[in-house]
Amino acid sequence: MEINKDHALECEILTQMAKSAIPLGANLLSLSIDSSQATIGRVLLGLEHQGYLEKSSNKGRIITERGQAYLKQLNDHQSINSSTEELIKISTSTDKSTLLEVLATRRLLEKETAYLTAQNISDEQVQELTEIIDRQQEQKSRGLLGEKEDLEFHCRIANISGNRVIEQILNLILTQKNVYQDFSYIRQKLITRSSNDHRSIISAFANRDPESASQNMVNHINALIEDIEECY
């Protein structure tokens with residue numbers, strides 16, 4: 001569930017209702033909620049129609065058991081959204097210590113995606129990854145970063161791995177704003193040596209060797225960590 005403004009107001013109203021020992025109406029709620037009586041009244045009516053509130057004579061409305069369950073759902077999703085926003089904030093930072101934390105997290109996750117991909121990958125997918133790295137090398141030969149191809153390579157491995165949870169976490173970490181471009185630019189400034197890390201990972205995939213694929217991915221990310229630690 002995506003928590004929009006209407007859901008946020010519903011959550012605020014239901015929270016007040018759950019805390020109150022007396023029935024509440026739009027008039028009383030407007031004293032503690034930053035919204036007009038008309039808007040609050042409209043939301044109250046909608047919540048009542050859905051069974052989350054019920055009228056208590058002429059005094060106002062009270063929250064139902066179904067409303068309590070809905071309030072918990074709203075709070076749970078707000079907590080998830082807050083955690084997601086914090087993860088995005090962390091993953092888009094270019095602070096040295098934060099970059100190292102993100103890379104350490106990637107190492108744990110991508111070690112597993114490489115292992116699973118070596119088990120699941122088809123010949124066509126091996127060729128697809130090879131073509132991505134060929135395009136990246138072409139970009140670098142023209143003096144460009146090749147960060148889009150680098151990002152595509154890592155995200156595609158996560159996809160082929162079949163672990164949808166890890167794939168979504170990595171997509172969240174890697175694809176926010178220009179985080180990958182910024183990281184590629186930082187690394188290019190720090191170090192000039194080239195690496196065949198991606199080719200070695202692909203080779204392990206082609207050989208259907210999960211252990212080597214996993215270790216090659218770890219070595220690749222360790223090299224990124226060393227670049228940041230030594231030169232940033």
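Criterion first (in the same structural domain as E152 (by TED's automatic domain parsing), more than 30 Å from A21 (Cβ to Cβ), at pLDDT below 90 and touching a Leu at 6+ places or on another chain (Cβ under 6 Å)) does L103 satisfy it? So L103 passes the test. In the stretch 13-31, the residue that is surrounded by the fewest Cβ atoms within 10 Å (Cβ to Cβ) out of those that are over 10 Å from L71 (Cβ atoms) and within 34 Å of the chain's Cα centre (by Cα) is K19.
Quick check on my filter: what residues within the stretch 1-33 are assigned to a loop (DSSP other than H, G, I, E, B), touching a helix residue (DSSP H, G or I) at 6+ places or on another chain (Cβ under 9 Å) and within 22 Å of H77 (Cα to Cα)? Answer for the stretch 1-33, where residues must be assigned to a loop (DSSP other than H, G, I, E, B), touching a helix residue (DSSP H, G or I) at 6+ places or on another chain (Cβ under 9 Å) and within 22 Å of H77 (Cα to Cα): M1, E2, I3, I33.
Could you tell me whether R187 is modelled with pLDDT under 95, over 16 Å from R107 (Cα atoms), crowded, with 17+ Cβ neighbours inside 10 Å and not β-branched (V, I, T)? Full working, then the answer.
Values: modelled with pLDDT under 95: yes; over 16 Å from R107 (Cα atoms): yes; crowded, with 17+ Cβ neighbours inside 10 Å: yes; not β-branched (V, I, T): yes.
Yes; evaluated as a whole, the condition is true for this residue.
One residue stands out in the stretch 34-49 among those that are assigned to a loop (DSSP other than H, G, I, E, B) and without any contact (Cβ under 8 Å) to a residue 12 or more places away in the chain: the one that is farthest from K72 (Cα to Cα), namely S36. A residue that is modelled with pLDDT under 90 and buried (at least 17 other Cβ atoms within 10 Å of the Cβ) can be found somewhere in the stretch 69-83.
The values are calculated or read from the model by the stated rules, or taken from the named source; none is laboratory data. Since this is a predicted model, take the numbers as computed values, not measurements. Glycine also receives a Cβ, built like all others from the backbone with ideal geometry; neighbour counts cover every protein chain displayed.
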